[in-house]
Amino acid sequence: MPWRTITALALMTSTVATAAVAPALVSGPSPFAGCPSAPAYEGAEVEPALAAHPKQAGRLIAVYQQDRYHGGGARGIVAATSTDGGQTWRKAALPVSACAGSAARQAPFASDPWIADSQTKRIIRLGGVSAWDFKIDAEFDDPLVVGSNRKISVDYVGEVEVDGRTLLKLVVVQNFTSSSFVFLDPATYMIVRRDIVRNQKGGNVVLRTEYADYRAVAGVLLPHRVVVSQGEKRIRETVIETIEPNPVLTADVFKGPADTKR
């Protein structure tokens, strides 16, 4: 079932008709009201997106961040659906953050609720921890490169034994709130592991990311294998075949496509 995805600029929609109609309110009272979380603007909705079925004009799906945090992200993501062209809406919190309940993924925040087509014919999104993890993977070596320019502090802890290897351990704090431990190979000073501490209900958990198979790309060594685990559970493994450095990008690359397929 193909969907046409567009970016919504507000949480108000107008139904398609031959005569002017009053806008319909999509968002409503926060389903996360009273959730014990970081300081948030309760009732604030941001970064909305809207998908319209190209063959069934009355079918719409919207998603948006609910209860925006002061420092970015939100308590959760809300999805709203309409079958009458936007005149009425049904809303539900997506189970992607701790504020959505005990059965939801216990992530401390959610973000980037973009929706698109997929080969599975379902509405999909990249947000919350998934989007944050993607960003972390892309910026894995920032603590060693940008430092204070990104409000990152790094302190050397010393040599430690990890899985039978001697590694150099660093403690990294970003924006005075997010902490992690970075482990370097003492021979190459390449990052081989990064442990991110997350505060969840019941205590802290550690998300471990391991970097391997470093190869030269335009004279720079970059990992081509990334494994993410939590405890004994492997969450995902990414194997990169090739990396193209500094590709030429045109302005339309950053525009949301009318139809997106995975």
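How about region 59-109: which of its residues are aliphatic (A, V, I, L, M) and in contact with an Asp or Glu (Cβ under 6 Å, 6 or more places away or on another chain)? Quick ask: steps written out before the conclusion?
Narrowing region 59-109 to residues aliphatic (A, V, I, L, M): 60-63, 74, 77-80, 92-94, 96, 98, 100, 103-104, 107.
The one that is aliphatic (A, V, I, L, M) and in contact with an Asp or Glu (Cβ under 6 Å, 6 or more places away or on another chain): Ala74.
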Item to check | Matching residues, region 93-113, being within 10 Å of the chain's Cα centre (by Cα) and part of a loop (DSSP other than H, G, I, E, B) | outcome: Phe109, Ser111, Asp112, Pro113
Next on the checklist: Given the condition modelled with pLDDT of 80 or more, small (Gly, Ala, Ser) and not in a strand (DSSP E or B), answer yes or no: does some residue in region 221-233 qualify?
Outcome noted: no
Checklist entry - Which residue pairs have Cβ atoms closer than 8 Å, lie 6 or more positions apart in sequence or on different chains, and pair a first residue in region 203-217 that is more than 14 Å from Val239 (Cβ to Cβ) and free of Cβ contacts under 8 Å to residues at least 40 places away in the same chain with a second residue that is outside any strand (DSSP E or B) and of a type in the set (Gly, Ala, Ser)? => result Val205/Gly231; Val206/Gly231
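The values are calculated or read from the model by the stated rules, or taken from the named source; none is laboratory data. Owing to the predicted nature of the structure, the values given are computational and were not obtained by experimental measurement. Cβ sites come from the backbone with ideal geometry, for glycine too, and all protein chains shown count toward neighbours.
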